[in-house]
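Reading through the structure tokens given below for one structure.
The values are calculated or read from the model by the stated rules, or taken from the named source; none is laboratory data. Quick caveat: nothing in here was measured; it's all calculated off a predicted structure. Cβ: placed from backbone, ideal geometry, glycine included. Neighbour counts: every protein chain shown. Heads up: the accessible areas ignore ligands, DNA and RNA and are worked out on the full protein's heavy atoms, side chains in. Shrake-Rupley method; radii C 1.70, N 1.55, O 1.52, S 1.80 Å.
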Amino acid sequence: MADALVDIILHGREERNIEYKESVRWDDAEIKAKLTRAVLAMSNIRDGGYIVIGVEQAGDAFAPVGMNQEDYDSFTQDYVSAHINNYADPFAEVTVTKAQHEGRPFVTIQVAEFAEIPVLCKRDGLRLRQGAMYTRSRRMNESVEVPTSAEMRDIMEAAVEKGFRRMLATLRRAGVQVAEVAEVEGERFDKELEGL
């Protein structure tokens, strides 16, 4: 298993971009709903996140105990991705990795940050509302509908940056000479100072 995934499994605390679940079966409707909501939420934060299955919580401590074999076998890339993307608009990019660490099985679901525009929930479901935009709260580590302007600002800034980069790439492909924004701003500032 890659060292980065081991580090995430052993991290020992939940954060905005890391969520832990004890051993669960993918075919449980409540689990599918919780994991789908978490994926939609992590899609809308910088750099996405990870859901690790096989880590139990006792108070504030998280123990990487692994999964039982039936639960482990119930997770596949195709089933997880297809189910989640029945609710995601646009599609959420997830990578399901099944691995062993010290002889114990774990499943990690890596969630990519949205590619172009924020991910919305496209249909109602258990714990899911059509039209909702989910994120990971800054208040506590949970997947919620966007609760404050701070979370909305984070999402919108990421979307604007991605749109700007797409526009610059399109202009360059079209043969338009595009100066870097910092260079243009620096030159304009220098010209303004000349008059002082």
query = Remind me, relative contact order of the stretch 17-143 in percent, using alpha carbon pairs under 8 angstrom and six or more residues apart?
reply = 32 percent
Mean accessible surface per residue for the stretch 43-163, computed with a 1.4 Å probe while every protein chain stays in place, in Å² = 51 Å²
key: Cβ-placed point charges (K, R +1; D, E -1), dipole of the chain about Cα centre in debye, nearest 20   = 560 debye
ask   = Of the residues Glu14, Glu161, Glu113, which exhibits the maximal mean-square fluctuation in a Gaussian network model of the chain defined by a 10 Å Cα contact cut-off?
value = Glu161
ask   = If you plug each phi of the stretch 106-117 into the Karplus form 6.51 cos²θ - 1.76 cosθ + 1.60 with θ = phi - 60°, what whole-Hz ³J(HN,Hα) values come out, in order, with x for Gly and Pro?
value = 9, 10, 10, 10, 8, 10, 7, 4, 3, 7, 10, 10
request  = Using Cα positions and a limit of under 19 Å, work out the aspartates and glutamates in reach of Lys122, with same-chain residues fewer than 8 apart set aside.
outcome  = Glu30, Asp89, Glu93, Glu113, Glu145
note = Ordering 83-92, 42-51 by per-residue average of other C-beta atoms within 10 angstrom, highest first, gives 42-51, 83-92
task = Report, to the nearest 10°, how far helix 181-194 tilts away from the longest principal axis of the Cα atoms in the chain, using its own Cα long axis and a range of 0 to 90°.
result = 40 degrees
key: Solvent-accessible area of Lys34 with every protein chain in place, 1.4 Å probe, in Å² to the nearest 10   = 80 Å²
ask   = Projected onto the charge dipole of the stretch 66-115 (+1 at Lys/Arg Cβ, -1 at Asp/Glu Cβ, origin at the Cα centre), which of Met67, Gln110, Phe91 gives the Cα projection farthest towards the positive end?
value = Met67
Proximal charge balance of Leu128 [Cβ under 14 Å; K/R count +1, D/E count -1] = +3
task = Using amide H atoms built 1.01 Å from N in the peptide plane, name the residues 5+ places from Leu120, or on other chains, whose amide H lies under 5 Å from its own.
result = Asp89
query = What does the charge add up to near Asp71, with Lys and Arg as +1, Asp and Glu as -1, over the other residues with Cβ less than 15 Å from its Cβ?
reply = -1
